Amino acid sequence: MTRKDIPNLISIIRIALIFPIIWAIVEGRFALALVIFAIAGISDALDGFLAKQYHWQSRLGTILDPIADKLLLVASFATLAWLNLLPMWLFLLVMTRDLMIVIGGMAYHYIVGKFELLPLWSSKINTALQIVLVLLVILQQIWSQFDPLVVLGGWLVVASVIYSGSEYILVWGLRAWQQMKK
């Protein structure tokens, strides 16, 4: 293992943290869930920073990092929705966006051709807002005064899901159209 592998190792650790987070939430150990989820969230920023700052980017990293993010967020949103701590419709909205992106990416790959996995800024903002919302919901279970922030966070996630999903459709649809015209 070299230094260049550190961001990928951090992504793998983030994936491994999913199980203790879900366990802690289901068991009602929200302080523990908060600490572990915060570590996972910070690790997302850390691996990206290290990869860019030291030019440790890799093809594996461009795959592992978004997979780690999605697994962490899907598992957290699903668990919180299952426990009625988040509305089920919000979980389904988030999942619909993610499925549209995956299906669109696969369609692009098989119909148009190979492409580089480059997330849009709106997607990064969406991921950050989802992480903040999960943190707020967990905090709400510890201190109930977070209710207004959870409501606000939920609506910010809704707006970012709609904006980001629409942007992916427009940007990648335009790229596909331009590529097919050649």
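Here, each number is a calculation from the coordinates, and none is a lab measurement. Keep in mind the model is a prediction, meaning the values are calculated, not measured. As a convention, Cβ positions derive from the backbone with ideal geometry for all residues, glycine included, and neighbour counts pool all protein chains shown.
So the values come out like this:
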item	result
Charge-dipole axis of the chain as Lys and Arg at +1 and Asp and Glu at -1 on Cβ define it, positive-most pick from ILE12, MET180, THR79	MET180
The chain: DSSP helices with Cα axial extent of at least 18 Å and average Kyte-Doolittle hydropathy no lower than 1.6	6-26, 88-107
Total formal charge among the other residues, if their Cβ is under 13 angstrom from that of ARG14, Lys/Arg +1 and Asp/Glu -1	-3
For the chain, projected area of the alpha-carbon convex hull averaged over all directions, nm²	11.1 nm²
Highest-first arrangement of 107-116, 72-81, 39-48, where packing means the average Cβ count within 10 Å	72-81, 39-48, 107-116
Within-14-Å neighbourhood charge of ILE101 [Cβ basis; K, R +1; D, E -1]	+1
Residue-averaged 222 nm ellipticity for the chain, from DSSP H runs of 4+ at -39500 (n - 2.57), nearest 500	-28500 deg cm²/dmol
Links that overshoot a 18 Å alpha carbon limit, given the list LYS4/LYS124; LYS52/LYS124; LYS4/LYS114; LYS114/LYS181; LYS70/LYS124	LYS4/LYS124; LYS4/LYS114
Under 12 Å, Cβ to Cβ, from HIS55 - net charge with Lys/Arg +1 and Asp/Glu -1	+3
